[in-house]
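The values are calculated or read from the model by the stated rules, or taken from the named source; none is laboratory data. Because the structure is a prediction, the values reported are computed rather than measured. Glycine also receives a Cβ, built like all others from the backbone with ideal geometry; neighbour counts cover every protein chain displayed. The area values use the complete protein model at the heavy-atom level, side chains included, leaving out ligands, DNA and RNA. Shrake-Rupley method; radii C 1.70, N 1.55, O 1.52, S 1.80 Å.
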Amino acid sequence: KPDQEILEGRAKVRTSGKVFYNPVQEFNRDLSIIAIATFAKLLRQERHAKNKQISDEDNLVVDIRSPGIKYDDGLCILEALSATGLRSIRYAKEIPGINNIIANDISKEAVNDINNNIASNNVENLVTSSHNDATMLMYQHRREKQFDVIDLDPYGCPSIFLDSAVQSIKKGGLLLVTATDMAVLAGNSPETCYVKYGAISLKMKCCHEMAIRILLQCIEAHANRYSRYIEPILCVSADFYIRVFVRVHSGAAKCKNTTSKLSHVYHCTGCDGFELQPLGMRKPHQKNNNLVKFCLPTGPPVTRNCQQCGSPYHIGGPIWTAPIHSPDFVKQVLEAAPPYLGTFKRIRGILSMVLEELVDVPLYYTLDRLSNTIKVENPSMLTIRSAILNAGYQVSYTHTHKNSIKTNAPAHVIWDIMRCW
Ligand code: SAM
């Protein structure tokens, strides 16, 4: 590829042509900038409250910070797979409250580009280059100098980087992970998905959300090995990839809740319907409410065939079935989005849809698949949504599919509506 000059956000970088650069990922970089800036503010509020033991009202008053300036108590960020350094340089120039950023890459050419770009953007005070295998670099930070934020943006599957990432991030830190191997995650190769992510993917219409939930269970599994657990605060599917933003917390006792955040998916081979089977539940002990007892799964999808159409199930997962967004966080990110961003409108559009999603309802139906199954004309979205609401259930779209129906209505209610509209 020829040399290229790239102007994106507040950064102007050059790539030698041998180093990876994808203009389509501008949305990913823009969104990450606002998410990290929002997280930085949140972290300052939390630290402030902890140190000062002050009231909630005082806690809202946080010092105002500027991008491009080094703050000793600011964020330490690792961009583990940096390519041209564009992302790190943008973080330095556009996120307020940073202490330092390490822009790492295993390729010599990439590190060359990173060094040139750091110099031409005058961000030597904030960005340092590193030429290392990302896993080795993160293992070196397991015990000391852990990071507040780690950004993993590899080609394809990120799972080889997760073991070191979950150990080298501070308690409560923010881990950002991209996965671009959508064919594997969306059910084209379930056995490869199991090998890479520890879960079986299924070919379903809701495969994009399923992909997010497979990746989340994979990160959780890695975190659990070190008495850590995740809190997803924003997860999106866009273009050819998924991007998840999770906080990584510590606590062996809390890790025992993981089984109740995961489920197997029973996917009907006939009507494309699905049922979820939690891996296990933790409930208060009946005799003594202070004790929490592990219960083996019980519940509906133990039948071998689909209760709606009688066809056999394919069984996939486990997937993450706890919430994938924090509405409070998403709202703050939406409000913080600066209009100068190249993908500002798209960010506003996607985050507004994310905010409307039912957080407690995993996966979704699609209107065309429902109509196709029972060979009826597509009803309008308005008709079907009103019918679900009138039946007393909740319904929303998802940002991952334009004709999606995310609802807490049982499957038989959906089919009744589809047959009678
Ligand atoms: N984050 C970049 C951006 O926003 O433009 C793009 C990163 S690109 C998809 C992946 C980069 O990871 C490549 O530059 C590649 O050289 C680097 N890479 C691959 N394996 C690595 C490893 N084990 N350690 C460090 N870097 C690695």
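Below is a table of values for the structure above.
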| quantity | calculated |
| --- | --- |
| Count - residues of segment 88-112 that are within 16 Å of the ligand (Cβ to nearest atom) and open to solvent by 10 Å² or more (accessible area, probe 1.4 Å) | 10 |
| Residue in segment 73-80 that is assigned to a helix (DSSP H, G or I) and either touching a helix residue (DSSP H, G or I) at 6+ places or on another chain (Cβ under 9 Å) or within 10 Å of the ligand (Cβ to nearest atom) (or both) present | no |
| Among (1) within 14 Å of the ligand (Cβ to nearest atom); (2) open to solvent by 20 Å² or more (accessible area, probe 1.4 Å); (3) not hydrophobic (A, V, I, L, M, F, W, C) - the single one SER168 does not satisfy | (2) |
| Residue within segment 247-261 that is within 20 Å of SER32 (Cβ to Cβ) and either open to solvent by 30 Å² or more (accessible area, probe 1.4 Å) or at pLDDT 95 or above (or both) present | yes |
| Matching residues, segment 189-216, being among the polar types (S, T, N, Q) and open to solvent by less than 10 Å² (accessible area, probe 1.4 Å) | SER201 |
| All positions within segment 236-269 that are outside any strand (DSSP E or B) and either without any contact (Cβ under 8 Å) to a residue 12 or more places away in the chain or not hydrophobic (A, V, I, L, M, F, W, C) (or both) | ASP239, GLY251, ALA253, LYS254, LYS256, ASN257, THR258, THR259, SER260, LYS261, THR269 |
| Top-ranked residue of segment 114-136 - restricted to ones that are open to solvent by less than 10 Å² (accessible area, probe 1.4 Å) and within 13 Å of the ligand (Cβ to nearest atom), ranked as farthest from GLU5 (Cα to Cα) | ALA134 |
| Qualifying residue in segment 178-194 (condition: in contact with a helix residue (DSSP H, G or I) (Cβ under 6 Å, 6 or more places away or on another chain) and either more than 30 Å from LYS406 (Cα to Cα) or within 12 Å of the ligand (Cβ to nearest atom) (or both)) | yes |
| Residue count, segment 176-198 (criterion: more than 30 Å from ALA37 (Cβ to Cβ) and hydrophobic (A, V, I, L, M, F, W, C)) | 5 |
| Residue that is farthest from the chain's Cα centre (by Cα) [pool: residues in segment 379-400 that are free of Cβ contacts under 8 Å to residues at least 12 places away in the same chain and closer than 15 Å to LEU358 by Cβ] | GLY392 |
| All positions within segment 174-229 that are more than 27 Å from THR366 (Cα to Cα) and over 13 Å from the mean Cα position of the chain (by Cα) | VAL195, LYS196, ALA221, HIS222, ALA223, ASN224, ARG225, TYR226, SER227, ARG228, TYR229 |
| Tally of residues being out of contact with any Phe, Trp or Tyr (no Cβ under 8 Å at 6 or more places or on another chain), under 29 Å from GLY349 (Cα atoms) and in contact (Cβ under 8 Å) with a residue 24 or more places away in the chain across segment 401-417 | 1 |
| Single condition THR15 does not satisfy, out of (1) at pLDDT below 95; (2) farther than 20 Å from GLU124 by Cα; (3) within 12 Å of the ligand (Cβ to nearest atom) | (2) |
